[in-house]
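The values are calculated or read from the model by the stated rules, or taken from the named source; none is laboratory data. Quick caveat: nothing in here was measured; it's all calculated off a predicted structure. Virtual Cβ from ideal backbone geometry, glycine too; neighbours counted across all protein chains shown.
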Ligand SMILES: [Zn+2]
Ligand SMILES: [Zn+2]
């Protein structure tokens, strides 16, 4: 069976997502539907496999292009069908995407196996003010830690796990593949790749050797961070899985704190620059004036020379946001826009009518550059 749900939808990314975003989202979802986290949950396993299929396509530029152009049918018809994840072992999917999912699972008992736990991800939302100054947040998340009662081996205290008789302690078994043409090695179904079976299960972890633990942590968010970037907290992920390291020795994974920056209706952010549109009166543009512009934390005076046109762009240097690495501040870009009064008092109307009599009304000539700009905006390119 091949899934026909949209791959972008499955991975919860937009069509314009780049490789990093696709990878990040896949890792997050693979962890969410992780079979270790969802024991005996067929829906989770199905979602896990669906994500693997979507990731296989979207992470490969050639397949992605075919998919973007021709959809699922295109991939089937061009010898790019990829793996049939539904008939694959969860263990084999793990070893396929080992570099992203971290660690191994079950069958990955090879000599190059990394004894490292899974990375975890959580997210925080911060304001533009906090981007300016940097901030701290308490994050809460659940992770699987070594069961303290059985020290991770899953056996009831006083008993020990016994060597699995199906695989003789090897953790893997060979099965005949398609029509007996070749043999496939996969994780032993009896011991789930551990090589040993627990006769009397630890009552605190139901024999799994790991328990979900709720953890709280204060995390520093550096000034200048961008929406979608993550702060990595080394060693706050999970210990290696029991199949690889029952007692959890090895390297813990990391915690990635994904940062979302709240929209601020006053500003548009462009890198470290902030863009602001400020409304000014016709007289301020025509006669020149000094206006007050409020950046995130300060009020600045901005001189507008006489004869300034609407949509003129000014810059207040250093009034933007700090660069994440250098700390150097970007600029505040101010676009002045003419505000035409919608209500006039009798006196104002009279004055304007007097003024209008003296005015040189410009001859309207088509501005070609304007039409080019507008065309670009309309075609959305
Ligand atoms: Zn236990
Ligand atoms: Zn076994």
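Quick notes on this one:
- Residue 146 vs. criteria closer than 30 Å to residue 321 by Cβ and crowded, with 22+ Cβ neighbours inside 10 Å: no
- Options 146, 244: the member that is under 30 Å from the mean Cα position of the chain (by Cα) and within 11 Å of ligand 1 (Cβ to nearest atom): 146
- Flag: residue 278 matches the condition of being within 30 Å of residue 291 (Cα to Cα) and modelled with pLDDT of 95 or more.
- Check on residue 333, in the same structural domain as residue 284 (by TED's automatic domain parsing) and farther than 16 Å from residue 283 by Cα: yes
- The number of residues in region 4-34 being touching a residue at least 60 places away in the same chain (Cβ under 8 Å) and assigned to a loop (DSSP other than H, G, I, E, B) comes to 2.
- Listed by first and then second residue, the pairs linking a residue in region 143-164 that is outside any loop (DSSP other than H, G, I, E, B) to a residue that is within 16 Å of ligand 2 (Cβ to nearest atom), with Cβ atoms under 6 Å apart and 6 or more places separating them unless they lie on different chains, are 155/161; 155/198; 162/197; 163/169; 163/196.
- Verdict on residue 162 being more than 30 Å from residue 320 (Cβ to Cβ), at pLDDT 90 or above and away from ligand 1 (no atom under 16 Å from the Cβ): yes
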